[in-house]
Amino acid sequence: MNDSPVNKIYTAITEEKARTSYPEGFPHLPEVPVGRYTEPEFYQLEMEHMWKKSWLHAGHISELPKEGSYKLFEQLGLSIIVSRGLDGQIRAFHNICRHRGSALLLEKTGTARRFVCPYHAWGYTSDGKLQTVPEERNFPCLDKENRGLLPVRCEVVRGMIYINLNDDAVPLAEYLAFEGIELGDFPLEDMVVKHEVHVEMDCNWKTALDNFLEIYHVPVVHTKSIAPYLDAQSNIIDLYRHGHARLATAKRGATIFQANTDAADSLGPLFKDHNIALLRFPNTFSAIDPVGFAWQTWWPMGLNKSVMVVSVMGWQGDSEEDRAFWEGMKQQILAIAKEDQHLFAPLQRSLNTGLLPNMVLGYQERVLYWYQEQIDRHIGVENIPEHLRVKQVLADHTSD
Ligand code: FES
Ligand SMILES: [Fe+2]
């Protein structure tokens, strides 16, 4: 056997299934302070230092099919235009007019070959320059050159669009380099967003995210929907720098989504035989299936409120049959998520009582610990009150 990524996974899975005790040399995970899920101070630290400095998923190129196509990124109290300019380039701007601050675009998606403010009709080009000001004579000192739209960093990798509010962040391609190891030549860029669904939840964003980063609960919560298709005992995990991770789990024959599996076959044994799930820090998760899959993100709407955005990723096609298939997949994804979801609000209520100062995590829950460590590195450990910090123990256990 050569040591190609696929063969490494087969070998690691065989070893994992044979494992009878805690892996030697792997740190015991310290407990996680519950205050990270309940204290306003920690929420503020995340807002200031983590969300405003991380690469954040903002869409897929298929959502901006032509010149002038746009969508609004409206999370974290922001409104950001993500658009394809008349030159074909994808850019992002704050959705804020430089006159008196009106939002330029009010519809969440659409086409705008220029951006014309709905308030006093200042007009901007698709690359963000202030072009026209009605009754310009009344603004004697206006420097139009310096009144363009406020740009937001925006980069695209494998067709996925990300934004970053921090101009000093590492380039997206470097940030997501681990995808090269894990996805090989999986053509994410050829996919199409078939549906986008927003699901609001009464819990901290991490309470919801945690659930998707471990397979420990699958045999209990997803007895009929996922458990028959995945061999939970085979679950192997690789941690990557920047807080990313990959979970691989052997499939038991059939795929969760019943479908013609030509696409699966064409993409080779890695994705056909395994469920390959990736966490891209901080909040983007997808369990890649060549048939089609859910691309999920979780966003805070407050300390105890969050929203999960599910994009159903599929392949080109526009027949009646095709539409019915993706609608079916959407329903199936939402039904599976529902099996988890009803647990979150009661769980959050438990955390909010303060009766549980810490959470205990097992080896198969180490991705939960890993991303918490990364949050602290973003915030700066010294900026976090001691009772809310996690110990840094996993940095020497990454695969890159
Ligand atoms: S606020 Fe946009 S033109 Fe006045
Ligand atoms: Fe689940």
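List of remarks:
- Test: Ile96 is surrounded by 22 or more Cβ atoms within 10 Å (Cβ to Cβ) and among the hydrophobic types (A, V, I, L, M, F, W, C): no
- Of the residues Glu321, Glu327, the single one that is over 22 Å from Leu213 (Cβ atoms) and in contact (Cβ under 8 Å) with a residue 12 or more places away in the chain is Glu327.
- Those residues of segment 199-235 which are surrounded by fewer than 21 Cβ atoms within 10 Å (Cβ to Cβ) and of a type in the set (Val, Ile, Thr), in sequence order: Val199, Val218, Val220, Val221, Thr223, Ile226
- Selection status of Asp322, within 30 Å of Gly253 (Cα to Cα), away from ligand 2 (no atom under 15 Å from the Cβ), part of a loop (DSSP other than H, G, I, E, B) and more than 20 Å from the chain's Cα centre (by Cα): no
- Among the residues listed as Asn146, Asn138, Asn164, the single one being closer than 17 Å to Leu78 by Cα and either away from ligand 2 (no atom under 16 Å from the Cβ) or buried (at least 16 other Cβ atoms within 10 Å of the Cβ) (or both): Asn164
- Pairing each residue of segment 343-362 that is part of a helix (DSSP H, G or I) with any residue that is aromatic (Phe, Trp, Tyr) and at pLDDT 95 or above, provided the two are 6+ apart or on different chains, yields C-beta distances under 8 Å for Gln348/Tyr37; Leu351/Tyr37.
- Residue in segment 334-347 that is touching a strand residue (DSSP E or B) at 6+ places or on another chain (Cβ under 6 Å) and either crowded, with 20+ Cβ neighbours inside 10 Å or farther than 25 Å from Tyr229 by Cβ (or both) present: no
- Of the helices (runs of 4 or more DSSP H) lying entirely inside segment 161-243, those containing at least 3 residues that are among the hydrophobic types (A, V, I, L, M, F, W, C) and not assigned by TED's automatic domain parsing to the domain that holds Glu16 span 178-183.
- Applying a threshold of 9 Å to beta carbon distances and a minimum spacing of six or more residues, or different chains, the list of pairs starting in segment 87-109 at a residue that is within 18 Å of Arg153 (Cβ to Cβ) and within 16 Å of ligand 2 (Cβ to nearest atom) and ending at one that is in a loop (DSSP other than H, G, I, E, B) and of a type in the set (Phe, Trp, Tyr) is empty.
- When we screen Val367, Val390, Val307, Val291 for residues that are of a type in the set (Val, Ile, Thr), assigned to a strand (DSSP E or B) and surrounded by 16 or more Cβ atoms within 10 Å (Cβ to Cβ), the only hit is Val307.
- Applying a threshold of 8 Å to beta carbon distances and a minimum spacing of six or more residues, or different chains, the list of pairs starting in segment 139-158 at a residue that is more than 17 Å from Leu64 (Cβ to Cβ) and ending at one that is aromatic (Phe, Trp, Tyr) and surrounded by 18 or more Cβ atoms within 10 Å (Cβ to Cβ) reads Gly148/Tyr124; Leu150/Phe93.
- Gly25 meets each of the listed conditions (1) at pLDDT below 95; (2) under 26 Å from the mean Cα position of the chain (by Cα) apart from (2).
The values are calculated or read from the model by the stated rules, or taken from the named source; none is laboratory data. Since this is a predicted model, take the numbers as computed values, not measurements. Using ideal geometry, Cβ is built from the backbone for each residue, glycine included, and neighbour counts are taken over all protein chains shown.
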